[in-house]
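These notes concern the structure reproduced below.
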Amino acid sequence: MPQWIYLYRQWLLRELQLRFRSSALGVAWLVLQPLAQILLFTLVFYKFFRVRWPAGDGSISEYSLQVFIGLTLFAFVSDVINRAPSSVSSFPFLITKVRFPLLLLPSVVVGAGTVQLGLSLCIAIGFALWREAHWQALALLPLALLPLLIYAQALAWLLGAAGVYLRDIGHLAPSVSSLLMFLSPIFYPASMIPAGMQWLIQCNPLAWSVELVRGVLMHGQPIDWLGWGAHALAACALLVLARWFFIRIQPGFADVL
C-alpha cells in the first residue's frame, strides 16, 4: 500500500505538470476558462432568455454564481469522461513490459480533476461568503461532493478499461459531455424542468450534485440525507462493479496493445 500511495502521488504530480506545462498562463486557465464561459452563458441565458432562479434575488451576480457552481462540477465530470478512455491505452509500455498497478492510471485522471474542482470551488466559496453564505453549511460541502467523486472514480475505471478495447469511446466522449451539459441544470434552475420529468434530476448524479452543492453554498440548505444515502450507496456499488470489470479484463490489455 505505501508503494501505491507513492506511485499515485508521483503520477498525479506528473499529470498536473503536463496539463499546464505548454501553457503560458499555466494554472491561471483554471480561473480564466470558467470565467469566460460564465460571461458567455450569462449573456445568453440571463440577458437574452431572461432565466432567473426562483429562490434568489434575480441579480446578475446571483445568476453568475449559480452557473459557476454548475460549470465547475460539470467540468470535473467532463474531464473524467474525456480523459479516462485513453488513461490506460496511452501507456502501452506499462502494460506490456512493466509490472505496474494499472488501476492507478484512471485514478490519476480523477485526482487531477479533483484538484481543479477544489481550486474552482474555492473561488465559488469566496463569492458565496461575499453573498453572506453560512459557514455551517460550507462545512458540509465535502460530504455533498463525496457521492459525485465516487461516481467519477467508478466511471474512470469503466472507461479506462473499455477504452483499451474500444478506441471509439474516446471519440464519442466529447459528444456525450456536451449532451450531459444541456441535460443537467447547469445554466437553468431544475424547477424549469416539467414535473413529470423531475425524476431525471434525481437519477442524474451530476444534476443531483449540482442542485445539492448550490443549495449548500447559496442558501445554506441542509443535505437531504435520504437522497445522499441513496446516491452514496449507488456510487459505491458502481465502484465495486467497475473495479471488478477492470480487473476482469485487464489480462487482455497486453494482447490488444
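Overview of values
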quantity: Of residues in region 102-117 being closer than 17 Å to Arg243 by Cα and among the small types (Gly, Ala, Ser), the one surrounded by the most Cβ atoms within 10 Å (Cβ to Cβ); calculated: Ser107
quantity: Failed criterion for Glu211 (all others in (1) in contact with a helix residue (DSSP H, G or I) (Cβ under 9 Å, 6 or more places away or on another chain); (2) farther than 30 Å from Leu257 by Cα; (3) modelled with pLDDT under 90 hold); calculated: (3)
quantity: Tally of residues being at pLDDT below 85 and of a type outside the set (A, V, I, L, M, F, W, C) across region 142-193; calculated: 3
quantity: Verdict on Val216 being loosely packed, with under 15 Cβ neighbours inside 10 Å, of a type in the set (A, V, I, L, M) and out of contact with any Gly (no Cβ under 9 Å at 6 or more places or on another chain); calculated: no
quantity: Candidates Phe246, Phe182 - the one that is among the aromatic types (Phe, Trp, Tyr) and closer than 27 Å to Ile38 by Cβ; calculated: Phe182
quantity: Scan of region 71-119 for residues that are in contact with a Pro (Cβ under 6 Å, 6 or more places away or on another chain) and either among the small types (Gly, Ala, Ser) or at positive phi (or both), ordered by number; calculated: Ala84, Ser87
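The values are calculated or read from the model by the stated rules, or taken from the named source; none is laboratory data. Not measured: the values here are computed from a predicted model. Please note: Cβ atoms are built from the backbone with ideal geometry, for glycine as well, and neighbour counts cover all protein chains shown.
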